[in-house]
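Data first, discussion second: the structure below is written as structure tokens.
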Amino acid sequence: MTWRIGVDIGGTFIDFFALDEATQRFHTLKVLTTPADPGQEVMDGIGLLQSRHGMDPATVTDFVHGTTVGINTVIQRKGAELALLATAGFEDVIELARLRMPEMHSLFCARPDPLIPRDRIFGIGGRILADGSEQTKLAAEDVRRAIATARARGAVGIVISFINAYRNPAHEDAAAAIIRAEAPDLFVFTSSETWPVIREYERTTTVILNGYVHPRVAGYLTSLEAALQRRGVMARPMVTKSNGGIMHTGLGKTACVNMLLSGTASGVMGAAFLARQAGLANVLTLDIGGTSADVALVIDGQPQFGMGEVVGEFPLFIPSVSVTSIGDGGGSIATVDGFGVLKVGPESAGSTPGPACYGRGGTRATITDAMAVCGFLGHTPLAYSSVTMDRARAEAAVGALAGAMGLGLRETAEAIIKVSISNMFVEVNKLIGRYGVDPGDFCLMPFGGAGPMLGCLLARELGMERVTIPRRPGVVSALGGLIAEVKNDFVRTVFLELAPDAAPALGRIGAALRTDAEAWLREEQRFDGPATTRFLADMRYAGQSFEIEVPIDAEWIAAGDIAAIAGAFHRQHVAIYDFADETAEVQIVNLRLVIAGVTTPPVFPVLPLADAPALPIKQVDVWYDGASRPMPIYLREALLRGHCLAGPAIIVQEDTTICIPEGFAGEVDSFGNLHLAWQEQLA
Amino acid sequence: MTIDKVTLQIIGNHLRAAAENMAYTLYRTAHSTFVKETEDFTTQITDASGMCVAVPMDLGATWYPGINYGRAMAMIPDYEPDDIAFTNDPYSGFLATHVPDLHMWKPVFHEGELVCFVCGHIHNTDMGGAVPASLSRALTEVHQEGVRFPPLKMYRRGELNEELLRVMLLNVRKPDQNRGDLKAFVGALNTGERKVRAMIAKFGVDKLREGMGLLLDYAEHQAREVLLGIPDGEYFFSDYADEDAVGGNPCRLALTLRIEGDGAVLDFTGSDPQLTSALNVPTGGDPHHTLLLVGVYYVLYTLNPQIVLNAGLTRPFTCITPEGTVLNPQSPAAVGMRSLTCGRLRSLIFGAFGLAAPERMPAAPAGSSSIVNVMTTDNRTHRTILAAVNPIVGGAGGMPHRDGTNGSGADAAYLKNTPIEITEAEVPIQILRYGLLPDSGGAGRWRGGLATALDFRVSAPHTRITARNRDRSRFRPWGILGGRAGRPSDFILNPGTARERVLGNTDTVTLEPGDVIHIHSPGGGGRGSPLDREPARVALDVERGYVSAAIAEADYGVIIRDGAVDLTATESLRASMRTGETATHFSFGPEREAHELIWTRETYDALTVLLAALPIHWRFFVKTKLFELMPRAGVPANPPSLREVFAEVRAAYPEVPEFDW
């Protein structure tokens, strides 16, 4: 009689995915967020699970939580006033960043304002060289002066990032010790404890993000823990991480940077899990919300990982699930310029005021309004009845553009959809170009509130022939937390030429990484189940300015098998870049270890087999592809295993609306996933 | 028109996606760090005539949205499917504008008919010639700048011309890199062709063709809309490169911008004659040459960030570049370092548009980005190491609504740096400082962006430092509307020691162990009177270390005592300073003002008229001699007239042809 609960907080809604292990039934919920009182919505949801489904809080064994509190703190710039201690001579490290900036065709291009203004950045004497040796002692008096000035200028915490600290953290540690001893009211983070990797800007921006969100994240998690306890939930709560894993909330309070992308990462993890469950190897996931669309590749059932994912306006350099965010969502606004050309986005009506048809004060036409005008939406309540659709408002908003375009109302609505789809096409194409894959080899898995609405249309544009829509598209992220592993990444920069004499150092560092990882999992996370470890190396040819990630067999490190490591690098280089040079010098920049405590995935009930064809609840007229055509509307909850459907059709469910254009047809599998395929003969 | 605006927008998106895809493929598979790190490459889709219809926005350089392949393409008479053509000759069709740039194009046929081309360029690390990397200011003929290929087919019907490739690879210093990049480039072209084929299947060939035409019209329309928003008139501006050759005289670029309705003429008459150095910009007199219009793309995009980037943007503009001048040199003038001159060309255009639309344009960006490289020996391994340290980039000019971006921005925002820790781990040098230079941004209501400074110490004998594109160490990035000029750049050996040597625009120097080299870029120009900058903002700049207390007082009239603004003292100081303010549009700084006391606009105009009348091979020689005889600095009591000085030159060199005054 135990329950496992996954929770994901988004901008407008908080999603629950609760599994009753006794009955193997899962329940989903959406509750409006309570921005004024974060955490309250979690309690509301738990109350609903109790009252609706008879859940006993004491029987909750897992409570896994994805939150946007960290990322919102960065986006809204409501984080802590910090000071930065930098090596003297390098105080501008975060302002210069890596120089290249967005909007590079504009004379007005600028970097985002740094999270720490220059007057709270202090140059500190003392120098560690590239080999880790100390050239000049740390100037303790500089640290003391900085503390006083930082405090006077309003800092509540200090982050420390010194040149070459990845190699020798002694100066960072010593400066931190001075602060802890002499200014215990200021919190301190060092770059070498956060992610000790070579490249000063990347390491500095990462530790700054950590410090910036720390007070809010810690405060939020503390009150969440207390509220859960009051409610009688005794399980130690977990939070989802940017790397797709989970950790205890206690650690989340200091290792904040690891949970900045918790929601987007767990969405991809959830989608990858559903893909594997459905037997799909290669999937392009498409999570569309109100303001943006997140796209990610799942290859051989596994999400892709990378560094440099963007948080607000800043790159985050810890291993994270790779997600490309596109500025097109259900709330993206359409405008017409002086030449009569239609633009959609990047401006968005967001959740407030939201699309005009939500009747919450929005008056400008959005993609959602266009879908309503065409007739795809508005036949049943949306988002668990929290939104009612006002089609007249949608028509007024879209109608305002029709004149400027010289088109009819429905033609204008269709144009908005088509232009936004082609915007997404450009961005998804870049992702495809970056990975060098063929979209035809992938199945599109749309989820989120607006994903299933636009998924088939985007697939058609991309030439993707297969679309799979999960049973509960609105709660994929919440599910992602529930199936995640207790996982952490460890890194040492080694920066060695890959030659036989590197073997002892690699062996030593490998062993140290393993000790750290085991301590983290067994002692810090108190995890006693089975665990996996995986070595990765960031490697390159000498002279290259970037590294590629190469999976390394632990045996190779233990046995000092340099040739095997080099071979793996050359093969990976061919796989990514189509060439290798086996005569060139290879450098191993970082050695990494990923440890993951395996959690038992929930078992999903199998749907009963359909014994009669699916029946639509009604027929509506929908305008698309230049004509009005009748479309049947089906209820998702009435669809059973083996049910077959062909477009054009609409499927409605509590958390989303699925639009199936003509040419797509498919079948429901045993888990309720709808697998659609492009039918050449119908097109 | 049979296709509607919606389809047009969708075709535009698909074409851009194809160009982006080509760029990602090239970036992913290229071998050289030049492509990977500085992203000195471009990709385009052009129509059947060679006009660029789509470029990527994410990757690559910013110079070629308006490129026209037409002249070079036409030098090959017959195209067949699966041909790939290429050229790197600056004088064959004026497509490649220096020898390292290899342009390639592949026709896309549908049912036997040419639909369009997929194209692009990469900057090869080396194409042979007199010096490694093929580029040096000191070169005087294009023949010294590497092996050149006129437009030729690298692939004929899909078959590689191995012989041609062997000639190329024999002549270059890093053949493996050229070969690898070439392979990646071919992959990118094939990707582009595949994407175009998908578009033909989706939209139909007629719609795609028509869509390309309309996209050019659309960009043209947007450019014309911007011009309509700028008052008609004639706007003259000139700017100088510090040196016209190694240790040479100033090189003036002049522009008369005539805006009439929705069109504009850019008349570059009055620019210097072609130079006996590698600073020439080969345009072949093309009135729409993309290199002449790079500054214009920036202006258009700045005034309308929604603008579509393609060759339609060039249509409303007509450029006039007299033959035998620095902007339209005759073969075999050397052109390798044309990027330095292109920096001045852009600031020239920004200045002229600033006169036309002062309320919407920024002051001058730093305008000179020196790429610092080091060649040294590792004392432990005795290995020679050649590495790029960093591009040293200056700030943007003060904008109408905010300060210039610090340390980069404006027309240099595409450059990337290398982490200090990577450099120190790989190269036996110690970086002492890499950051912003205080007091380097031109003072103004909106301050110019600060310069970047780099100091490092070397440890091996015979360490060679090169810093390409050195300029603006004399003539400053100008301020506008009362804003001051930014601080000039500099290059100093062992600063602050007895062994200090100021290197100015020198671009190469040899160091001894223990030597410290300092380089800083120029700072951006300021915009608006510094006396109008809020005292609190000045105080914040002081607190942040962007401006010193001394300059806050001297330039901004803001007096700071104990960390706070003394408002009363500031008010009275500012009142006294205001009386000294003069109302000129530009503020050039003392160096240019001193120079123009002798070389007034009239004198320099007369100089260029005189030189233009001489046969091309005399021009640079005579200019150099005239400069030698003119006073260098200060205000001479009776400056000689150009006519008198010319007479002296003719007296010394009777072979100089006479000029009809």
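The values are calculated or read from the model by the stated rules, or taken from the named source; none is laboratory data. Note that this is a predicted model, so its numbers are computed, not measured. All Cβ positions, glycine included, derive from the backbone under ideal geometry; neighbour counts span all protein chains shown.
Step by step: first the residues of segment A:216-240, then only those that are closer than 15 Å to residue A:45 by Cβ and within 22 Å of the chain's Cα centre (by Cα), then the one that is modelled with the highest pLDDT. Which residue is that? Among those that are closer than 15 Å to residue A:45 by Cβ and within 22 Å of the chain's Cα centre (by Cα), it is A:237.
Here residue A:576 meets the list (1) touching a strand residue (DSSP E or B) at 6+ places or on another chain (Cβ under 9 Å); (2) part of a helix (DSSP H, G or I); (3) more than 14 Å from every other protein chain (Cβ to nearest Cβ); (4) aliphatic (A, V, I, L, M) almost entirely, failing just condition (3). List every residue pair whose Cβ atoms sit under 6 Å apart, with the two residues 6 or more apart in sequence or on different chains, where the first one lies in segment A:35-58 and is at pLDDT below 90 and the second, anywhere, is part of a loop (DSSP other than H, G, I, E, B). Here the result reads A:40/A:34; A:41/A:33; A:41/A:34, each pair linking segment A:35-58 to a residue that is part of a loop (DSSP other than H, G, I, E, B).
Out of segment A:335-348, which residues are over 19 Å from residue B:229 (Cα atoms) and out of contact with any helix residue (DSSP H, G or I) (no Cβ under 8 Å at 6 or more places or on another chain)? Answer for segment A:335-348, where residues must be over 19 Å from residue B:229 (Cα atoms) and out of contact with any helix residue (DSSP H, G or I) (no Cβ under 8 Å at 6 or more places or on another chain): A:346, A:347, A:348. The set of residues in segment A:522-560 being in a loop (DSSP other than H, G, I, E, B), within 28 Å of residue B:421 (Cα to Cα) and either within 14 Å of another protein chain (Cβ to nearest Cβ) or of a type in the set (Asp, Glu) (or both) consists of A:542, A:543, A:544, A:545, A:546, A:547. The numbered conditions (1) touching a strand residue (DSSP E or B) at 6+ places or on another chain (Cβ under 8 Å); (2) of a type outside the set (Gly, Ala, Ser); (3) farther than 19 Å from residue B:477 by Cβ; (4) away from chain A (no Cβ under 14 Å) are all true for residue B:227 except (4). In summary, residue B:420 fulfils each of the numbered conditions (1) more than 7 Å from every other protein chain (Cβ to nearest Cβ); (2) modelled with pLDDT of 95 or more with the single exception of condition (1).
Condition first: hydrophobic (A, V, I, L, M, F, W, C), free of Cβ contacts under 8 Å to residues at least 40 places away in the same chain and farther than 17 Å from residue B:324 by Cα. Now tell me which residues in segment B:609-634 satisfy that. Those that are hydrophobic (A, V, I, L, M, F, W, C), free of Cβ contacts under 8 Å to residues at least 40 places away in the same chain and farther than 17 Å from residue B:324 by Cα: B:626, B:629, B:630, B:633. Restricting attention to segment B:387-402, the residues being in a loop (DSSP other than H, G, I, E, B) and facing another protein chain (nearest Cβ under 9 Å) number 7.
Going through (1) within 14 Å of chain B (Cβ to nearest Cβ); (2) closer than 18 Å to residue A:288 by Cα; (3) surrounded by 18 or more Cβ atoms within 10 Å (Cβ to Cβ) one by one, residue A:350 falls short only on (1).
Here residue B:96 clears all of (1) surrounded by fewer than 18 Cβ atoms within 10 Å (Cβ to Cβ); (2) in contact with a His (Cβ under 6 Å, 6 or more places away or on another chain); (3) among the small types (Gly, Ala, Ser) except the condition numbered (1).
Of the residues making up segment B:160-175, those that are in a helix (DSSP H, G or I) and of a type outside the set (Asp, Glu) are B:164, B:165, B:166, B:167, B:168, B:169, B:170, B:171, B:175.
Considering the conditions (1) in contact with a Lys or Arg (Cβ under 6 Å, 6 or more places away or on another chain); (2) among the charged types (D, E, K, R); (3) more than 7 Å from chain B (Cβ to nearest Cβ), residue A:98 is excluded by exactly one of them, (3). Among the residues of segment B:289-306, none is identified as surrounded by fewer than 22 Cβ atoms within 10 Å (Cβ to Cβ) and more than 14 Å from chain A (Cβ to nearest Cβ). Evaluate segment A:437-448: report whether one residue or more is closer than 17 Å to residue A:464 by Cβ, surrounded by fewer than 22 Cβ atoms within 10 Å (Cβ to Cβ) and free of Cβ contacts under 8 Å to residues at least 40 places away in the same chain. Yes: segment A:437-448 contains one or more residues that are closer than 17 Å to residue A:464 by Cβ, surrounded by fewer than 22 Cβ atoms within 10 Å (Cβ to Cβ) and free of Cβ contacts under 8 Å to residues at least 40 places away in the same chain.
Can you spot a residue in segment B:165-177 that is touching a Ser or Thr at 6+ places or on another chain (Cβ under 6 Å) and either within 14 Å of chain A (Cβ to nearest Cβ) or surrounded by fewer than 21 Cβ atoms within 10 Å (Cβ to Cβ) (or both)? There is at least one residue in segment B:165-177 that is touching a Ser or Thr at 6+ places or on another chain (Cβ under 6 Å) and either within 14 Å of chain A (Cβ to nearest Cβ) or surrounded by fewer than 21 Cβ atoms within 10 Å (Cβ to Cβ) (or both).
The condition of being among the aliphatic types (A, V, I, L, M), within 14 Å of chain A (Cβ to nearest Cβ), out of contact with any His (no Cβ under 8 Å at 6 or more places or on another chain) and closer than 20 Å to residue B:153 by Cα holds for only one of B:3, B:45, that being B:45. Condition first: among the aliphatic types (A, V, I, L, M) and touching an Asp or Glu at 6+ places or on another chain (Cβ under 7 Å). Can you find one or more residues in segment A:201-219 that meet it? No, the conditions are met nowhere in segment A:201-219. Is it true that some residue in segment A:359-378 is polar (S, T, N, Q), in contact with a strand residue (DSSP E or B) (Cβ under 8 Å, 6 or more places away or on another chain) and surrounded by fewer than 23 Cβ atoms within 10 Å (Cβ to Cβ)? Within segment A:359-378, not a single residue is polar (S, T, N, Q), in contact with a strand residue (DSSP E or B) (Cβ under 8 Å, 6 or more places away or on another chain) and surrounded by fewer than 23 Cβ atoms within 10 Å (Cβ to Cβ).
Just checking, does segment B:143-150 include any residue being in a loop (DSSP other than H, G, I, E, B) and at positive phi? Within segment B:143-150, one or more residues are in a loop (DSSP other than H, G, I, E, B) and at positive phi.
Results for (1) assigned to a loop (DSSP other than H, G, I, E, B); (2) more than 23 Å from the chain's Cα centre (by Cα); (3) farther than 16 Å from residue B:313 by Cβ, shown as yes or no for each residue.
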position	(1), (2), (3)
B:24	no, yes, yes
B:28	no, yes, yes
B:57	yes, no, no
B:64	yes, no, no
B:75	yes, yes, yes
B:86	no, yes, yes
B:95	yes, no, yes
B:99	yes, no, yes
B:115	no, yes, yes
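Within segment A:148-171, the set of residues being surrounded by 21 or more Cβ atoms within 10 Å (Cβ to Cβ) and more than 23 Å from residue B:429 (Cα to Cα) comprises A:150, A:155, A:157, A:158, A:159, A:160.
Checking B:443, B:451, B:410 one by one, the residue that is at the interface with chain A (Cβ under 7 Å from one of its Cβ atoms) and of a type in the set (A, V, I, L, M, F, W, C) is B:410 and no other. Does residue B:477 qualify as being touching a Phe, Trp or Tyr at 6+ places or on another chain (Cβ under 9 Å), in contact (Cβ under 8 Å) with a residue 60 or more places away in the chain, not hydrophobic (A, V, I, L, M, F, W, C) and not in a strand (DSSP E or B)? Here the answer is no, as residue B:477 does not meet what is asked.
The set of residues from segment B:190-220 being away from chain A (no Cβ under 14 Å) and under 32 Å from the mean Cα position of the chain (by Cα) comprises B:193, B:212, B:213. Entry remark, segment A:487-507: residues being under 34 Å from the mean Cα position of the chain (by Cα) and part of a strand (DSSP E or B) number 10 in total.
Taking the numbered list (1) more than 22 Å from residue B:276 (Cβ to Cβ); (2) in contact with a strand residue (DSSP E or B) (Cβ under 7 Å, 6 or more places away or on another chain) in turn, residue B:611 passes all entries but (1).
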